[in-house]
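**Q** Provided herewith is a single structure, encoded as structure tokens, for subsequent inquiry.
The values are calculated or read from the model by the stated rules, or taken from the named source; none is laboratory data. This is a predicted model, so every value here is computed, not measured. Methodologically, a virtual Cβ is constructed for each residue, glycine included, from the backbone with ideal geometry; neighbour enumeration extends over all protein chains shown. Each accessible area value is taken on the protein alone, full model and side chains, heavy atoms only, with ligands, DNA and RNA left out. Shrake-Rupley method; radii C 1.70, N 1.55, O 1.52, S 1.80 Å.
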Amino acid sequence: MSHLGELLSAHLDGELSPAERRRVAEHLEDCDRCREELDELASARSAVRSLPMVEVPASVLGLPDEVVVPLPRRKSFWAGAAAAAAAVFIVVASILAPDGTALTPQDLSDPFGARVSLDPGFTPTKVAQVRVATGDFAE
Amino acid sequence: MRRFTFVAVLILLTPVITAADLSDYLERSATAEFQGDQIVTCSTPDGVRDAVLQIVGRDGALVVTSPVGDGRSLSAGAGSLAVAGPDGSVRSTQVASATDGPGPARYAIAAAIPGTYLGRIVETVVVERDGETRARMTFDVETGALLRSVVFQADERVYCDARMVTFDPSAPEVVAPGSDPDAVHVLESTQDFDLRALPDEVEGFVRLDQYRYDDSSVLAYYSDGFFAFTLLHSRRPVRLETSEALTRVDAGGGFYERIYGPGTALYVWESQLGGLAMFGDLPPDLQERVMAGLPEPGQPSFFIRWWRRLFG
């Protein structure tokens, strides 16, 4: 069974012939889908018709080359502000953040010397070398 | 008679294959009591490095000073190392816990040769690692003290020669640096860090322990029973603050920065996994082999570097 399609819209607009109206009415009695579609069309139509009428400004009608379409300024402002804040954060954080962990030779030689003293391979030479590695005793 | 003399001389000159283990020598040396002056000379890829030191061994600890230094002294033993400055300040590091190492089992004594050194009766042992001569160590027979240690590269070139030039088996009373509780850095063992940058084993060096270094860094300790190194891995980039000239070594997609001291090497580099720094007493050829098994130098992308810099 074929559905009514475009005939529904014409039916609502009162554009059908008596024979067509009769056929549509018979079809609607047996077809749930077309009934639902008709209800939706009718709801949409009444919603549109309930909107207030607005007068078009004369300048728009008379001088098409002077039409100004306003930008959604509020939305643009906040988006821009957020982007600017992010940029400022990145710059400030990059400046303030330490440039990595700063190590001195002692930071590594001291733990090495402490731990190696527990090893079976521990000898005076190792400790001496650790001491020298700090630079204090270098010749 | 002539034949008997020949055999006797031959026996005296032939190195004695000893049944003693290297660990026996090293353990005895670690507790030896003595005092002496030592000269260290090392031929490194960055030139000759040398030093003169005064060493006292007593009560299982070693105190090292320098006749040419600024009055600083260092004491090490039993998992602790303290450095006293000329102004009386003391900086100490203590290891809270440690895993028993593999021992020097990887190393074998190829020969033990009796002789004399500085007027003392000594025994010189030749130490091999995987068939390569790695060290020749001269021990005082009476005290067990290590009087001379020559470390070799794999091609048998001398890397370092640390030799006592004076030796006295009577150790004086020494005052080891005290301890300032506010200046003690305690190395606590941790398992919380991402250890991907710290392999379990590399070139026969086993990761024995890992310690929390700071909030963004972990310090691992590796040993093959004789040589050892620490490897620091930081989630942040690392850089070295030193007045010494760094040698830049290009490798992989980046570079290492390196300082050789008399018997030690320090490397710092950036890798895809974060900042890394290594300090150890490996001969240069072993050092290179180990470095090849660690995360290679490379510059992470700008965003990753920026992120690590901010958040670690």
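**Q** Over the Cα atoms of the stretch B:57-167, how large are the radius of gyration and the largest Cα-Cα distance (Dmax), in Å?
**A** Both quantities, over Cα of the stretch B:57-167: 17.0, 48 Å.
**Q** So if I place +1 on the C-beta of Lys and Arg and -1 on the C-beta of Asp and Glu, and nothing else carries charge, what would the dipole magnitude of the stretch B:76-134 be about its Cα centre? I want it in debye, nearest 20.
**A** Dipole about the Cα centre, nearest 20: 80 debye.
**Q** If you don't mind, another one. I'd like the mean, over residues of B:257-266, of how many other protein chain beta carbons sit within 10 Å of each residue's own Cβ.
**A** Working: counts 0, 0, 3, 1, 11, 9, 7, 12, 1, 7.
Across B:257-266, the average partner-chain Cβ count within 10 Å equals 5.
**Q** Also, I was wondering about something else. What does the buried accessible surface come to for B and A, summed over both chains, with the probe at 1.4 Å? Round to 100 Å².
**A** 5100
**Q** Is there a simple number for the mean count of other chain Cβ atoms within 10 Å of the Cβ of residues in B:72-83, and what is it?
**A** Taking the mean over all residues of the peptide, I get 6.
**Q** Show me the ranking of peptides B:241-247, B:183-189, B:264-270 by mean Cβ neighbours inside 10 Å, starting with the highest.
**A** B:264-270, B:183-189, B:241-247
**Q** Which residues' amide hydrogens lie under 5 Å from the amide hydrogen of B:Gly79, considering only partners 5 or more residues apart or on another chain, with H built in the peptide plane?
**A** A:Ser117, A:Leu118
**Q** Of the peptides A:25-33, B:274-282, how do they stack up when ordered by the mean number of other Cβ atoms within 10 Å, highest first?
**A** By packing density, highest mean first, the sequence is B:274-282, A:25-33.
**Q** For B:Leu118 and B:Ala78, what does the FRET efficiency come to when R0 = 30 Å and r is the distance between their Cβ atoms, rounded to the nearest 0.05?
**A** 0.60
**Q** So, one more: Please average, across the residues of B:112-125, the number of beta carbons from any other chain that are within 10 Å of each residue's own beta carbon, and give a whole number.
**A** Values: counts 0, 0, 0, 0, 0, 0, 0, 0, 0, 0, 0, 0, 0, 0.
Neighbouring Cβ atoms belonging to other protein chains average 0 per residue here.
**Q** Here's something else I'd like to know. Arranged from highest to lowest average of other beta-carbon atoms within 10 Å per residue, in what order do the peptides B:253-263, B:86-96, A:13-23 appear?
**A** B:253-263, B:86-96, A:13-23
**Q** What net charge is computed for the residues neighbouring A:Arg45, neighbours being all others with C-beta under 12 Å from the C-beta of A:Arg45, Lys and Arg scored +1, Asp and Glu -1?
**A** Its environment carries a net charge of -2.
**Q** Any chance you could look up the accessible area of B:Ile121 with a 1.4 Å probe, heavy atoms only, rounded to 10 Å²?
**A** 120
**Q** A further question on this structure: Once you have the Kirkwood Rh of the stretch A:6-50 from its Cα pairs, apply Stokes-Einstein at 25 °C and 0.890 mPa s and quote D in µm²/s. Could the numbers behind the result be given before it?
**A** Numbers: Rh = 10.9 Å.
My calculation gives 225 µm²/s for D.
**Q** Please list B:Asp140, B:Asp182 in order of solvent-accessible area, largest first, computed with a 1.4 Å probe with all protein chains present.
**A** Values: B:Asp140 0, B:Asp182 145 Å².
The most accessible residue leads, giving B:Asp182, B:Asp140.
**Q** On to the next question. Once ligands and nucleic acids are excluded and a 1.4 Å probe is used, how much of B:Asp130 is accessible, expressed in Å² to the nearest 10?
**A** Rounded to the nearest 10, the figure is 100 Å².
**Q** Per residue Cα convex hull volume for the stretch B:134-230, in cubic angstrom?
**A** Per residue, the Cα convex hull of the stretch B:134-230 comes to 168 Å³.
**Q** Now for a different question. Given R₀ = 30 Å, what would the calculated FRET efficiency be for B:Ser97 paired with A:Ala86, taking r from the Cβ atoms and rounding to 0.05?
**A** Values: r = 46 Å, r/R0 = 1.52.
In this case the efficiency is close to 0.05.
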